[in-house]
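Worksheet: one structure, shown below.
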Amino acid sequence: MPPAAYDSRQVQIVLQSLRAQGILQPSKARAGEDVVIAYDLDALHTGFDSLVKAFPLHFLHCYAIKAAPMGFILQAAIRAGLGLEAASILEVESALFHGCPPEKIVFDSPAKTYKELDFALSKGIHINANTLEELDRIASILSATSSSTFPPPSIGLRINPLVGAGTIQELSVATATSKFGVPLTLDTSSFSSSSFSCSSSYFSLSNKHKVISYFHKYPWLTGLHIHVGSQGLGMDQLAQGVKVLIALTEEVEESLSKNGGEMERGRRITTLDIGGGLAANYLSNQAMPTHAQLVEVLREAAPSLFVPPPLSSSNRNGSSGSSGSSGSGPCVRVVTEYGRSLTAKTAWLASRVEYAFDNHEEDGREGQREEEGGRGTIGLRTAILHAGADVLLRECYVPGKFYHRFTVHDKDGHLAEVKEGGKEEGQVHARTPRLHNLAGPLCFAGDVIVSGIKLPKVESGDWLVVHDVGGYTLALFSRYCSRAAPAVVGYRIGREGGNEAGMGVTVEVLQGREAGESVLEFWGPRGERER
Ligand SMILES: Cc1ncc(COP(=O)(O)O)c(C=O)c1O
């Protein structure tokens, strides 16, 4: 698990280094960046390494590209031995471009076209079909193609384990109305809600039988997949999904071995993909739960997942054998697809506060009033930032569900702290507390990252730092109001070359701010004025 990236002294020296390099500048300088996303590269690498170490060797961890699709992150994942989970054909192409071996790429999308399936099959990429109809589509492609044209197919079926929603409905996909996977409705006659047993007749007859019949129909179907959701889900809920997956696997194998011929005596299902969904902690600096803690919970819930397969059928690199062992273990490679837990806490965002002002209250009174007892001033203040619903999209469009912590650094990078019980007394960094709306640069009222948050009084020229933005932030970038995607920098903190905070730092721009030309191209080719 990555160490938490936010450390106010580290942020200070990174901001100061960015200033010294001319990357971040005060607005008067008319140059430099107004906003950057800063990745702690050591935290990122530690996260990938500790994920691999937490699980046994037969697990293949495919980093969920969608969480943060930047090339340097994909390369770091590949270097750490991970595969990649792609949610679109362009993510598949990106994975190949960055050198991920095709057999370590998983293609998940609910809308795969014939063309996309053709491409993935031609490369030997593992495909998780989202529906039974998609399996039929794959069958039609395979039957129309000579078997020597494509590598052997590696196909799984996504099922919906129906373990219910977590605290964020929008990110919960194991619900009855989900668009993801074949839902396995429970057979209430044999199910007791207090236990997830692995008994037969566990699922509704119709869907279970349909899924099993597809394993009989298509001998190339060798995988099952679940993903319960992302954020807002406890480890127990993830484990419940895995239990359902294992129960179905047993039933499929049992049915195949009863009805099958020679080929079906071993295990057909060679890839069990348990998805992602380990939550990140946005409330404090602690990076937890950890992947090691998740392993404990999963081991308890689904011990068979942790039985290593015979050496010949799977190896550390995730290539799986076709079928064939009748040993006591599951004889599978187990795939995971974590994204958020690997990235969220590895980055912070700093935006210059372009303007800050006091709001008037509804009755027209001045917003800023003395708080009783002289402890400071109350009333709302608005800070206008260079990051709003363009980069912190979910935070603005679904207010209240996506929490972040914020800190204020002055124009020189020093942390501004609340001076409780009084006004500034010559101390540069101690400020009176105020309630703030942190608003973005876009032209609509909802472009507010957080409302009514108590912070040291924010002034124009400050750097407002948003914590834990390493996943699902830049990945969701929106072009509304023709915004350019912000620059991304990477830093490493060392002990040598210490500065005023006693630390050395190397900071580099990993990708510059998106060129204005590229933003304008998005709205149509430039150069032709009239049509
Ligand atoms: C199929 C699938 N796998 C993996 C993930 C990654 O989830 P997380 O980033 O929460 O680990 C997602 C996220 O939406 C997903 O849809």
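Values quoted throughout were computed directly from the atomic coordinates according to the rules given, and no laboratory measurement underlies them. Values in this document were obtained by computation on a predicted structure and should not be read as measured data. No Cβ is skipped: glycine too gets one built from the backbone with ideal geometry, and neighbour counts run over all protein chains shown.
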* Asked: Mind ordering 410-418, 281-289 by average Cβ neighbours within 10 Å, highest first?
  -> 410-418, 281-289
* Once fully extended, how much extra length lies between Glu93 and Ser257, figured as 0.36 nm per residue of separation less the alpha-carbon to alpha-carbon distance? -> 55.3 nm
* To do: Determine the distance separating the Cα centre of region 1-67 from the Cα centre of region 111-167; give it in Å without decimals.
  => 35 Å
* Structure fact -> Full extension between Cys481 and Ser140 adds, at 0.36 nm per residue less the Cα distance, a length in nm of 118.4 nm
* To do: Along Cα→Cβ, 7 Å out, is where each label goes; now give me the distance between the ones at Arg9 and Leu57 in nm to one decimal.
  => 4.1 nm
* Entries in Lys243/Lys345; Lys104/Lys243; Lys208/Lys401; Lys66/Lys179; Lys401/Lys454; Lys104/Lys258 that, when Cα-Cα distance is taken, lie over 26 Å -> Lys243/Lys345; Lys208/Lys401; Lys104/Lys258
* To do: Subtracting the Cα-Cα distance from 0.36 nm times the residue separation, let me have the gained length for Lys401 to Phe522 in nm, one decimal.
  => 40.5 nm
* Asked: Straight-line reach from Lys28: which lysines have Cα under 26 Å away, leaving out those fewer than 8 places along the same chain?
  -> Lys411, Lys457
